[in-house]
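To keep things clear, I will list the structure first and then write my remarks on it.
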Amino acid sequence: MTTISRRSLLAASTVASAGLPWPTARAQGSYPSQPVRLVVPYAPGGGSDFTGRLIAQKLQETAGFTVIVDNRAGAAGMLGTEVVARAPADGYTLLYADVAHGINPAVYPKAKYDPVKSFAPITLVGAAPQVLVAHPSFPANSLKELLAMPREQMRTIAVGTPGQGSGPHLTYELLRAKIGLELVHVPYKGGGPALNDAINGQIPLVMNAMPPVMPHLQSGKLKALAIATPQRHPRLPDVQTYAESAPGVVVYNWYGFLAPAGTPAEVTNRLAENIARILALPDVKEKFDGAFLDVMPQGSVEMARFLDEEVRQWKAVAVQTGISLD
């Protein structure tokens, strides 16, 4: 399931090209000669909106792009994604994708686009691993201890996620398929309500990405049982990885840029080069770090490989578990 491109996400935070001069419009032809629309397939205010707008602003400040962020929320991100899939392949309509891009077509069979064939990869941007957290009173302190509980007891324990078909939900399903982690799945309408219920002791376990859970871990209102990284994470060095109990389970909530299929390589390459330089800027690194995100610029080749792995993984989980949300 996991190849170099997935396992090297954290190592990719060092941008080798950071010291190179910024590409000029003359060197790259006339692109862009008009504003670029960046479709964020979610409502304003979330992680996609925050990071997408930050990079859009920096593209304007440092590389002369005019980028208009277009929030097209709806259908778990599929509405905005379909807009980009149908757009002209000229580099003037881009998609700011996340983990749902690989999950949605697996659990929504009627999706009107192919997550790989309908798009040209540009670059990954950042990622945050999935974390299993618990109320401090929960008897287990790690995934290993949770798995050691009697099977009958484990099957009565509830785990909350931000909703059916979300990244945390599919991460739970992946664990269930791989190691038989049998819990009571409770889908919430968003990650915030699930975490609030865990803090209040109304649900013992919650699975979500690192950014929303870290403030509660730092305050001691919740504790972490496991994190879905290949090695221990520097922000949570004492927390076991999922892979220690479930080899191969490495799951990130990631962000990246895609263009419609057929977009010229010189356009996607210019975008990737500029975005890599932006992600190496100290103030951008600081903002990502403050949001508990790891910078991960990799370019189009690595993003294509990564996305292919993502799609294959979630299709396999959907088939094995029978999840279908149409």
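A few comments on the model shown:
- With respect to the stated conditions, residue 279 fails to be buried (at least 21 other Cβ atoms within 10 Å of the Cβ), in contact (Cβ under 8 Å) with a residue 24 or more places away in the chain and more than 19 Å from the chain's Cα centre (by Cα).
- For residue 262: the one exception among (1) buried (at least 20 other Cβ atoms within 10 Å of the Cβ); (2) in the same structural domain as residue 97 (by TED's automatic domain parsing): (1)
- Cross-chain or 6+ apart pairs with Cβ under 6 Å, segment 91-117 first and without any contact (Cβ under 8 Å) to a residue 40 or more places away in the chain, then in a helix (DSSP H, G or I): 111/78; 111/104; 111/105; 112/82; 113/82; 113/85
- Residues (without any contact (Cβ under 8 Å) to a residue 24 or more places away in the chain and touching a strand residue (DSSP E or B) at 6+ places or on another chain (Cβ under 9 Å)) located in segment 286-300: 289
- Filter result for residue 34 (under 22 Å from residue 265 (Cβ atoms), modelled with pLDDT of 95 or more and in a loop (DSSP other than H, G, I, E, B)): yes
- Test: residue in segment 287-301 that is hydroxyl-bearing (Ser, Thr, Tyr) and more than 30 Å from residue 143 (Cα to Cα): yes
- Residue match in segment 195-209 (condition: over 13 Å from residue 132 (Cα atoms), under 18 Å from the mean Cα position of the chain (by Cα) and not in a loop (DSSP other than H, G, I, E, B)): no
- Qualifying positions in segment 101-119 - among the aliphatic types (A, V, I, L, M), buried (at least 24 other Cβ atoms within 10 Å of the Cβ) and closer than 19 Å to residue 40 by Cβ: 103
- Options 95, 79: the member that is surrounded by 17 or more Cβ atoms within 10 Å (Cβ to Cβ) and either at negative phi or among the hydroxyl-bearing types (Ser, Thr, Tyr) (or both): 95
- Scoring residue 229 on the criteria (1) part of a loop (DSSP other than H, G, I, E, B); (2) of a type in the set (S, T, N, Q); (3) more than 16 Å from the chain's Cα centre (by Cα) leaves a single failure, condition (3).
- Selection status of residue 241, under 22 Å from residue 296 (Cβ atoms) and under 21 Å from the mean Cα position of the chain (by Cα): yes
- Looking across segment 282-318 at every residue that is crowded, with 17+ Cβ neighbours inside 10 Å and β-branched (Val, Ile, Thr), the one that is nearest to residue 110 (Cα to Cα) is identified as 311.
- When segment 146-173 is filtered for residues that are free of Cβ contacts under 8 Å to residues at least 60 places away in the same chain and of a type in the set (D, E, K, R), the ones remaining, listed by number, are 151, 152, 155.
The values are calculated or read from the model by the stated rules, or taken from the named source; none is laboratory data. A quick note: this is a predicted structure, and the numbers were derived from the prediction, not measured. When we count neighbours, we look across all protein chains shown, and the Cβ atoms used for this are built from the backbone with ideal geometry, even at glycine.
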